[in-house]
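Trainee: The structure follows.
The values are calculated or read from the model by the stated rules, or taken from the named source; none is laboratory data. It should be emphasised that the depicted structure is a prediction, and the values quoted were computed from it without experimental measurement. Because the Cβ atoms are built from the backbone with ideal geometry, glycine has one as well, and the counts that use them run over all protein chains shown.
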Amino acid sequence: MTATISPDQERRLLDSVPTGLLIDGQWRPASDGGTLDVHDPSTGELLLTIASASADDGQAALGAAHAAQASWARSAPRERAEILRKAFELVTARTEDFALLMTLEMGKPLTDSRAEVAYGAEFLRWFSEQTNRVAGRYQTAPDGKSRLLVAKRPVGPSLLITPWNFPLAMGTRKIGPALAAGCTIVFKPAALTPLTSLLLAQTLIEAGVPDGVINVIPTRHAGAVTGPLIRDPRLRKLSFTGSTEVGRRLIADSAEQVLRVSMELGGNAPLIVFADADLDRAVDGAMLAKLRNGGEACTAANRILVESPVAEAFADRLTSRFREHTLGRGTLPDVKIGPLVDEETRTKVERLVEAAVDSGAKVRTGGRKVPGAGYFYEPTVLTDIPADAEILREEIFGPVAPIITFDTEDEAVELANATEYGLVAYAFTKDLNRGLRLVERLDAGMIGLNTGIVSNPAAPFGGVKQSGIGREGGLEGIEEYLETRYVGIADPFADGA
Ligand code: NAP
């Protein structure tokens, strides 16, 4: 669809979004009257003012989740499955609303937002299907003298904290498995993009999620509200997606209550192009891996490694593709890249590019912020980057592609693994054995082989090293919300029967 969205359409949608906190099935203002302003990153203008939870509201949300836990855990798996299925259908039916809301608060073009609605809704359907498949086992002990019963149980009340870059999918990727497993939820979305989460919460209630099972507390005071929850013995699980810096701190805080944690943290993905690759496919893959979501993705290709004989041809083709990418407000037809989410994010991108250029990098295209309203930054290709440049170590989180060259497979692997992160790595080659060697040698939780996208609700998403702990999606995702209970049973034949 390429029609322009009218200001009236935007206003009507914004006016339909709940602006309160959702606690125990009720929408309410913050206990201290606190509010949070949400802005449009393409203009800097105010979109909506919503309630900002206080520490007391956090306690009330956890109280409601704790009170609802026992009955939610006992509910029939099929009942939970059908609520999740209904939620999938409702979100899908409202694709245009969810997409527009995400574009307004986060900035990405509507085409990217629609793709996120499909991806995000799919977690609800996938986990609705998983709900009925949670199983245990019954076995005879090796010595034949007892029986072993192993059962799965929900972990219990779970705190879910999400980032701003995928306002719908980062929520459903946690909410889906938590609800499927029978856990109740306190959900704290990012302060920059809470509106999509509020609309999602309204949709979940409409789908039949009972009072207290999901509580949503956007806030301007993340640490002050969630800190006491993490130290509260009623909380049994913390699932966090965000930066490694904050994740590391939350792991330390979680030690006090020995809380179960799942951490989806930062990335510094290498994308490796060998001379034997299909170059068109590699350029397409790099476009996706770099520019999807405007480069504001943990899976974004942060370092593009190209084998010397094809480096110049690859850089030329990538540069001309980058030049075709139209920058603008995400609601406008044909816009391929929206603004960055805020001035802080843009300043970081600007600083990394300037430092690389000062130390000798060449700008093939872009390299500047766009003057005027909004936080726009030009799609940028850099080559001739010194090996020790900060841009190769830091998560860029913007539309900047640094290209570096290598001469051997060993050198490529060494460069790719030279990071404390290990979320995803991409490799392009037509040599099957080389591809399989790379799958074994690259230090990453996920590998994209001849593809620039790996995200799939049916696959386990997650990283190694400082990119995190645990997996979301796939068969593994629900396990993060389940405990294993073992029951030892005396030999039923012991009395001679
Ligand atoms: P962030 O600054 O770490 O924030 C993430 C969430 O944590 C937000 O809800 C934030 O609240 C909250 N938060 C911040 N400080 C906190 C504290 N002291 N206690 C409790 N919560 C706190 O990350 P971001 O800038 O939103 O997102 C970008 C990062 O997320 C990147 O590093 C990216 O790689 C990572 N990410 C990882 C994945 C993955 O699956 N591995 C997926 C997407 C993004 P406020 O909004 O109020 O600050």
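Trainee: Helices (runs of 4 or more DSSP H) wholly in the stretch 29-116 with at least 3 residues that are more than 20 Å from the chain's Cα centre (by Cα), closer than 30 Å to Pro371 by Cα and touching a residue at least 40 places away in the same chain (Cβ under 8 Å) - which ones?
Mentor: On the way: elements: 55-74, 77-93, 95-106.
Because the criterion is at least 3 residues that are more than 20 Å from the chain's Cα centre (by Cα), closer than 30 Å to Pro371 by Cα and touching a residue at least 40 places away in the same chain (Cβ under 8 Å), no helices (runs of 4 or more DSSP H) in the stretch 29-116 meet it.
Trainee: Here's something else I'd like to know. List pairs: first residue in the stretch 476-497 and on the phi < 0 side of the Ramachandran plot, second residue at pLDDT 95 or above and among the β-branched types (Val, Ile, Thr) anywhere in the structure, Cβ distance under 6 angstrom, at least six positions apart or on different chains.
Mentor: Cβ pairs passing all conditions: Tyr481/Val155; Glu483/Val155; Tyr486/Val150.
Trainee: Looking for whichever is more than 23 Å from Val209 (Cβ to Cβ) and in contact with a Gly (Cβ under 8 Å, 6 or more places away or on another chain) here; the options are Gly44, Gly33. Which one fits?
Mentor: Gly44
Trainee: Of the residues Arg231, Arg236, which is closer than 22 Å to Arg471 by Cβ and among the basic types (Lys, Arg)?
Mentor: When all the criteria are applied, what remains is Arg236.
Trainee: Any idea which residue in the stretch 17-33 is surrounded by the most Cβ atoms within 10 Å (Cβ to Cβ), counting only those that are among the small types (Gly, Ala, Ser) and closer than 16 Å to Pro189 by Cα?
Mentor: Here the answer is Ala30.
Trainee: Name the strands (runs of 3 or more DSSP E) wholly within the stretch 380-497 that hold at least 3 residues that are over 18 Å from the mean Cα position of the chain (by Cα) and farther than 28 Å from Tyr119 by Cβ?
Mentor: Output list reads 400-406, 482-490.
Trainee: Filter the stretch 421-474 for residues that are among the polar types (S, T, N, Q) and closer than 21 Å to Glu245 by Cα; which is surrounded by the most Cβ atoms within 10 Å (Cβ to Cβ)?
Mentor: Top of the filtered list is Ser467.
Trainee: Let me ask another. Let me confirm something: among Asp342, Asp334, Asp384, which residue is acidic (Asp, Glu) and modelled with pLDDT under 95?
Mentor: Just a single option satisfies the conditions, and that option is Asp334.
Trainee: To continue, here is another question. Quickly run through the stretch 262-276 and pick out the residues that are among the hydrophobic types (A, V, I, L, M, F, W, C) and under 15 Å from Lys465 (Cα atoms). Even if it seems obvious, please write down each step before you answer.
Mentor: First pass over the stretch 262-276, keeping only residues among the hydrophobic types (A, V, I, L, M, F, W, C): 263, 265, 269, 271-275.
Hits for the stretch 262-276 are Met263, Leu265, Ala269.
Trainee: What are the residue pairs meeting all of these: first residue in the stretch 353-372, first residue of a type in the set (A, V, I, L, M), second residue exposed (fewer than 15 other Cβ atoms within 10 Å of the Cβ) and part of a helix (DSSP H, G or I), Cβ atoms under 6 Å, and 6 or more apart or on different chains?
Mentor: Final answer for the pair search is Ala355/Glu390.
Trainee: Tally time: how many residues in the stretch 214-227 are assigned to a loop (DSSP other than H, G, I, E, B) and either out of contact with any strand residue (DSSP E or B) (no Cβ under 7 Å at 6 or more places or on another chain) or at pLDDT below 95 (or both)?
Mentor: So the answer is 1.
Residue-by-condition table, conditions (1) among the small types (Gly, Ala, Ser); (2) in contact with a strand residue (DSSP E or B) (Cβ under 9 Å, 6 or more places away or on another chain):
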position: Ala118; (1), (2): yes, no
position: Ala121; (1), (2): yes, no
position: Arg133; (1), (2): no, no
position: Tyr138; (1), (2): no, yes
position: Ala141; (1), (2): yes, yes
position: Lys145; (1), (2): no, yes
position: Pro157; (1), (2): no, yes
position: Leu160; (1), (2): no, yes
position: Ala169; (1), (2): yes, no
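Trainee: Considering only residues of the stretch 149-180 that are among the small types (Gly, Ala, Ser) and outside any loop (DSSP other than H, G, I, E, B), which is surrounded by the fewest Cβ atoms within 10 Å (Cβ to Cβ)?
Mentor: Out of the qualifying residues, it is Ala151.
Trainee: Residue under question is Tyr426, and the condition is that it be farther than 23 Å from Arg292 by Cβ, among the aromatic types (Phe, Trp, Tyr) and either touching a Pro at 6+ places or on another chain (Cβ under 6 Å) or within 16 Å of the ligand (Cβ to nearest atom) (or both); does it hold?
Mentor: Spelling it out, it is not the case that Tyr426 is farther than 23 Å from Arg292 by Cβ, among the aromatic types (Phe, Trp, Tyr) and either touching a Pro at 6+ places or on another chain (Cβ under 6 Å) or within 16 Å of the ligand (Cβ to nearest atom) (or both).
Trainee: Can you find, within the stretch 375-405, the residue that is farthest from the ligand (Cβ to nearest atom) among those that are more than 24 Å from Ala275 (Cα to Cα) and surrounded by fewer than 20 Cβ atoms within 10 Å (Cβ to Cβ)? Walk me through it before giving the result.
Mentor: Just the residues of the stretch 375-405 that are more than 24 Å from Ala275 (Cα to Cα), to begin with: 375-379, 388-391, 393-399.
Pick out the ones that are also surrounded by fewer than 20 Cβ atoms within 10 Å (Cβ to Cβ) and you get 388, 390, 393-394.
On the way: Asp388: 22, Glu390: 16, Arg393: 14, Glu394: 10 Å.
Among those that are more than 24 Å from Ala275 (Cα to Cα) and surrounded by fewer than 20 Cβ atoms within 10 Å (Cβ to Cβ), it is Asp388.
Trainee: Is the stretch 228-240 home to any residue that is within 12 Å of the ligand (Cβ to nearest atom), part of a strand (DSSP E or B), within 22 Å of the chain's Cα centre (by Cα) and of a type in the set (Val, Ile, Thr)?
Mentor: No, the stretch 228-240 has no match at all.
Trainee: Could you count how many residues in the stretch 164-218 are closer than 24 Å to Ala73 by Cα, within 12 Å of the ligand (Cβ to nearest atom) and of a type in the set (Ser, Thr, Tyr)?
Mentor: Selection size over the stretch 164-218: 1.
Trainee: Okay, moving on. For the condition touching a residue at least 12 places away in the same chain (Cβ under 8 Å), out of contact with any Cys (no Cβ under 8 Å at 6 or more places or on another chain), under 19 Å from Pro228 (Cα atoms) and not aliphatic (A, V, I, L, M), what is the one hit in Gly247, Gly285?
Mentor: Step by step, each of Gly247, Gly285 is checked, and only Gly247 is touching a residue at least 12 places away in the same chain (Cβ under 8 Å), out of contact with any Cys (no Cβ under 8 Å at 6 or more places or on another chain), under 19 Å from Pro228 (Cα atoms) and not aliphatic (A, V, I, L, M).
Trainee: Could I ask something else about it? Hey, does the stretch 279-292 have a residue that's within 13 Å of the ligand (Cβ to nearest atom) and either modelled with pLDDT of 95 or more or out of contact with any His (no Cβ under 6 Å at 6 or more places or on another chain) (or both)? Even if it seems obvious, please write down each step before you answer.
Mentor: Here is the first cut: in the stretch 279-292, the ones within 13 Å of the ligand (Cβ to nearest atom) are 292.
Cutting the leftovers down to either modelled with pLDDT of 95 or more or out of contact with any His (no Cβ under 6 Å at 6 or more places or on another chain) (or both) gives us 292.
Within the stretch 279-292, one or more residues are within 13 Å of the ligand (Cβ to nearest atom) and either modelled with pLDDT of 95 or more or out of contact with any His (no Cβ under 6 Å at 6 or more places or on another chain) (or both).
Trainee: Return the residue satisfying two criteria in turn: it lies in the stretch 252-278 and is aliphatic (A, V, I, L, M) and touching a residue at least 60 places away in the same chain (Cβ under 8 Å), and of such residues it is nearest to the ligand (Cβ to nearest atom).
Mentor: The qualifying residue nearest to the ligand (Cβ to nearest atom) is Leu265.
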